[in-house]
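Below: one structure, written as structure tokens.
What follows draws every value from the coordinates through simple rules; no lab data is involved. It should be emphasised that the depicted structure is a prediction, and the values quoted were computed from it without experimental measurement. Don't worry about glycine lacking a Cβ; one is built from the backbone with ideal geometry, like all the others, and counts go over all protein chains shown.
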Amino acid sequence: MENKKAIKLIDKILKNLDKSGINTDTLIDDIKELRTYALEAQIPLVVKVLRLTYEHIEATESFMIPMLDDEPIEDVDVIEANQEVAPVESLKYLIALIKNLNNKGNISDLKEYRDLLNSY
């Protein structure tokens, strides 16, 4: 994202996630505000991902989408161990992706998050 206010908001969201985890009160409002910047910039993928993200958080009171991984994990024990850390880390990764939309890998990961959120 090019907008300086959007970048500041992304940094604020990431800092709040580090400090207090998934605090639905402020987090959902911040994500909705970030979505307005994406609407202004006319970035449909980000608009959709952010909407799906805050709707998911409202419904689950958490972020149940696991961290994206380059390679599929087949060991169930590893998956269960990662689930405890995953909500905050996965959400932080998703929000951080939006910061640099010039990176094709970030766009690809955002599409993957979109598909995971749609199918949840």
Original post:
Which residues make up the longest stretch of the chain clear of GluC sites (Glu not before Pro) that lie in a DSSP loop with no more than 14 other Cβ atoms within 10 Å, not counting the sites?
Top reply: 3-60
Original post:
Hey, what angle do you get for helix 104-119 against the long axis of the chain, alpha-carbon based, 0 to 90 degrees rounded to 10?
Top reply: 70 degrees
Subject >> Percentage, to the nearest whole number, of Cα pairs in the chain over 17 Å apart >> reply: 54 percent
**OP:** Arrange the following residues from fewest to most other Cβ atoms within 10 Å of their Cβ: 10, 107.
**Re:** 107, 10
